[in-house]
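Chemist: Take a look at the following structure, please.
The values are calculated or read from the model by the stated rules, or taken from the named source; none is laboratory data. The shown structure was predicted, so the numbers you read here are calculated from the model rather than taken from an experiment. FYI the Cβ positions are ideal-geometry reconstructions off the backbone, even for glycines, and counts take in every protein chain you see.
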Amino acid sequence: MKNKLTIALPKGRLGDQTIEVLKRIGLGDGIDDTSRKLIFTDQNQEFAYMLVKPSDVITYVERGVADLGIIGKDSLMEDQADVYELIDLGFGKCRFAVAGKTSIAIQKDEVLKIATKYPNVTKAYFEKKNQPIDIIKLNGSVELAPLVGLSDVIVDIVETGSTLKANGLEILEVMHDISARLIANRVSYRFKYEKITRIKNALWEVIS
């Protein structure tokens, strides 16, 4: 795939939205997301598309296996990867938020216990607030933590808030707005600049 421009696409709903946008600029017609194949190429053999787990998109781009990738801003903030963030694609919108029970104060003198999948984002945010914290890293169902006393609050991605509400929690503070971003490998951006720029500009016209 050295002579092609390779794009890493996330599987799942974000990937479906990405493929839809790519097709609007004339790319991605060769992708069959119902197939078990993981790599697809266009008819002209000019582009290759890799379908990967969302959390792996950054790794493939950072390591140069993929020239471009589409990933949520949340992953970029957490992973602190050495890639170029080119444009905000405007879809996949959600928010980083602090959530918990209504009675919990998130600014206090004592240490605030926070359960999250995003320790780096959480640490950076609360350091700016000069709030002492104890981060409890969880990989799933973080909403459970404040219900059983493991944490005071959680930091998580919130889209509709329905899961919070179902568990008796609510947003206490919105931290950051999140959406999908187009990212590029730094070396690829230098040596495939014209082709990458054409794609970037075409996407920008569609989302604008």
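Chemist: Which condition does Ile114 not pass, out of (1) surrounded by 18 or more Cβ atoms within 10 Å (Cβ to Cβ); (2) in a strand (DSSP E or B); (3) within 15 Å of the chain's Cα centre (by Cα), if it passes all the others?
Modeler: (3)
Chemist: Given the residues Phe91, Phe126, Phe96, which is the only one that is part of a strand (DSSP E or B), under 25 Å from Ser55 (Cα atoms) and not basic (Lys, Arg)?
Modeler: Phe96
Chemist: For the stretch 123-141, what are the residues that are closer than 12 Å to Met77 by Cβ and either exposed (fewer than 12 other Cβ atoms within 10 Å of the Cβ) or in contact with a helix residue (DSSP H, G or I) (Cβ under 9 Å, 6 or more places away or on another chain) (or both)?
Modeler: Answer for the stretch 123-141, where residues must be closer than 12 Å to Met77 by Cβ and either exposed (fewer than 12 other Cβ atoms within 10 Å of the Cβ) or in contact with a helix residue (DSSP H, G or I) (Cβ under 9 Å, 6 or more places away or on another chain) (or both): just Ala124.
Chemist: Related question: Spot the failing condition for Val148; the list is (1) loosely packed, with under 12 Cβ neighbours inside 10 Å; (2) within 24 Å of Val61 (Cα to Cα); (3) of a type outside the set (Ser, Thr, Tyr); (4) modelled with pLDDT of 95 or more, and only one is missed.
Modeler: Condition (2) is where Val148 drops out.
Chemist: Still on this structure, I have one more. Does the stretch 59-72 include one or more residues that are assigned to a helix (DSSP H, G or I), buried (at least 21 other Cβ atoms within 10 Å of the Cβ) and touching a residue at least 60 places away in the same chain (Cβ under 8 Å)?
Modeler: The answer is yes; a qualifying residue exists.
Chemist: Based on this model, can you work out whether Gly90 counts as within 21 Å of Met175 (Cα to Cα), touching a Gly at 6+ places or on another chain (Cβ under 9 Å), in contact (Cβ under 8 Å) with a residue 12 or more places away in the chain and not hydrophobic (A, V, I, L, M, F, W, C)?
Modeler: no
Chemist: Looking at Leu14, Leu5, Leu9, which is the one that is at pLDDT 90 or above, within 23 Å of the chain's Cα centre (by Cα) and more than 19 Å from Tyr84 (Cβ to Cβ)?
Modeler: Leu14
Chemist: State all residues of the stretch 6-39 that are part of a strand (DSSP E or B) and either at positive phi or surrounded by fewer than 20 Cβ atoms within 10 Å (Cβ to Cβ) (or both); if no residue qualifies, say none.
Modeler: Ile39
Chemist: Something else about it: Could you check the stretch 1-21 and list, in sequence order, the residues that are within 19 Å of Ala184 (Cα to Cα) and without any contact (Cβ under 8 Å) to a residue 60 or more places away in the chain?
Modeler: Met1, Lys2, Asn3, Lys4, Lys11, Gly15, Ile19
Chemist: Something else about it: For the stretch 151-170, give me each residue that is without any contact (Cβ under 8 Å) to a residue 12 or more places away in the chain and surrounded by 14 or more Cβ atoms within 10 Å (Cβ to Cβ).
Modeler: Going residue by residue through the stretch 151-170, those that are without any contact (Cβ under 8 Å) to a residue 12 or more places away in the chain are 160-162, 165-166.
Listed by number, the list holds a single entry, Gly161.
Chemist: Can you say whether Ile135 is outside the structural domain of Glu85 (by TED's automatic domain parsing), within 25 Å of Glu62 (Cβ to Cβ), part of a strand (DSSP E or B) and touching a Cys at 6+ places or on another chain (Cβ under 9 Å), as far as the supplied structure shows?
Modeler: Against the criterion (outside the structural domain of Glu85 (by TED's automatic domain parsing), within 25 Å of Glu62 (Cβ to Cβ), part of a strand (DSSP E or B) and touching a Cys at 6+ places or on another chain (Cβ under 9 Å)), Ile135 does not qualify.
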